[in-house]
Each structure stands twice: as C-alpha cells, then as structure tokens.
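*Asks:* Here you go, one structure.
The values are calculated or read from the model by the stated rules, or taken from the named source; none is laboratory data. Keep in mind that what you see is a predicted model, and the values were worked out from it rather than measured. Please note: Cβ atoms are built from the backbone with ideal geometry, for glycine as well, and neighbour counts cover all protein chains shown.
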Amino acid sequence: MGSVTTGSGPFGIYVSGRYAYVTNTNAGTFKVIDVSNPASPVIVGSATTGGTPETVYVSGRYAYVMNTGTSTINIIDILTQPSPNIITNFVSTGTAQGLYISGHYAYMPGGFQIIDISNPAAPIAVSTLPSGAGSWVYVSGRYAYTGDSGLPIKVIDISDPVSPSLVGSLALTFIWCLRLRPLSL
C-alpha cells in the first residue's frame, strides 16, 4: 500500500468513492486525496480552514468540517478541484469535535445544535438542546445519539428539528468512539 503526507497533525478522515478527505489540526488544512490507486494515493486538492479542523463529513458535493478552535463549520464545495472552495463558515453556539449530516441538516453534539444546510451558502441554526452535549453524534432515522468518553449516551428525538427532545440515555462505563457504518477504500 502507498502513502501520502498530509502534515504533522492529521485528525479526521471521510472516504467517499475514489477520494479520502482529511483534516489536519496542526496545519489548519483540509486535503482531498485520490485513493483510486491505493498503491499510489495523490493529493488533488487542499484548502485552509482558518481554525482547528477535526471532524469531516461529506454529503453530495459538499464537505463539512468542524473546527474546534473557532467553533465553526466550514462548508466546502469539493467539486472545484484542485482548489476546494470554502463557501461559508458557520459560527456555532457550542463547541464540539463531532458533526453528522443527514438530509438538509447538520447535527453538532456540543450543546446539541441542529443547523439547516439546505442552502449551503447560508446555513441557519434551527434549534439547540443544551442537555444533549457530547463530543460525537450519530443520526439514525428520527433519533440522534450523542455522548463523550465516560458519559452516558443521550438519545434525542429529532423528528421535529425545530424542537428536539431528550428521550433517554444509555449509561455505559466507557465509550470512546461509535461508528455504526463501515468505511471502505
């Protein structure tokens, strides 16, 4: 297998089709890597995020990058190779490392914020649920699951994005990361 250098602090990765999307917290960058030939991956695009990028999530033609240092979400048009274009920086009300995109909404676990991203150039915060705090989030159907290492997993009903409600929690002794779907190159 081949390798490619993304800097001294790669943190988040999302693989979709022939590309891997990588954030680098030390360099404050977002890289697009063509992994169609695993023996010889190639960086085909890069953007400076202006923060401490951690989580990256790709949906359609956009990448969503959570910057923990600035509490912003960069929405990046990834079809503009070799220079992915940051079309907006959404300033969130909470802090979080995680981010999940489902349909027309972005879900941030820190203060549990739901953001309408149906117009990626002008995202709008539609609700916040302080009791849903955590550093990661996963959405399945009408529920969001959020938590952090050593804390209970909170279950939030998101069927009405304007009015999410905490419906329960799962007490676990330790959890570091939850991934409910496999990644493949």
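*Asks:* Which members of segment 118-140 meet the condition of being among the aliphatic types (A, V, I, L, M) and part of a loop (DSSP other than H, G, I, E, B)? Before you say what the answer is, go through the steps one by one.
*Replies:* In the first step, residues of segment 118-140 are kept if they are among the aliphatic types (A, V, I, L, M); the result is 121-122, 124-126, 129, 133, 137, 139.
A121, A122, L129, A133 - these are the residues of segment 118-140 that are among the aliphatic types (A, V, I, L, M) and part of a loop (DSSP other than H, G, I, E, B).
*Asks:* Additional query: Being under 18 Å from V65 (Cβ atoms) and modelled with pLDDT of 90 or more is the filter here; which residues of segment 120-135 pass it? Outline the logic, then answer.
*Replies:* Filtering segment 120-135 down to residues under 18 Å from V65 (Cβ atoms) leaves 120-123, 125, 135.
If the condition is that a residue be under 18 Å from V65 (Cβ atoms) and modelled with pLDDT of 90 or more, then P120, A121, A122, P123, A125 are the ones that fit.
*Asks:* Only one residue in I124, I153, I101, I115 is surrounded by fewer than 16 Cβ atoms within 10 Å (Cβ to Cβ) and of a type in the set (V, I, T), so which one is that? Full working, then the answer.
*Replies:* On the way: I153 fails: surrounded by fewer than 16 Cβ atoms within 10 Å (Cβ to Cβ); I101 fails: surrounded by fewer than 16 Cβ atoms within 10 Å (Cβ to Cβ); I115 fails: surrounded by fewer than 16 Cβ atoms within 10 Å (Cβ to Cβ).
After applying the criteria, what remains is I124.
*Asks:* Which ones in segment 136-162 are over 18 Å from M66 (Cβ atoms) and among the polar types (S, T, N, Q)?
*Replies:* Passing the criteria: S140, S159.
*Asks:* So, one more: Of everything in segment 1-24, what is in contact (Cβ under 8 Å) with a residue 40 or more places away in the chain and under 17 Å from T68 (Cα atoms)? Give them in sequence order. Show your work before the answer.
*Replies:* First, the residues of segment 1-24 that are in contact (Cβ under 8 Å) with a residue 40 or more places away in the chain: 11-16, 19-21, 23.
Passing the criteria: F11, G12, I13, T23.
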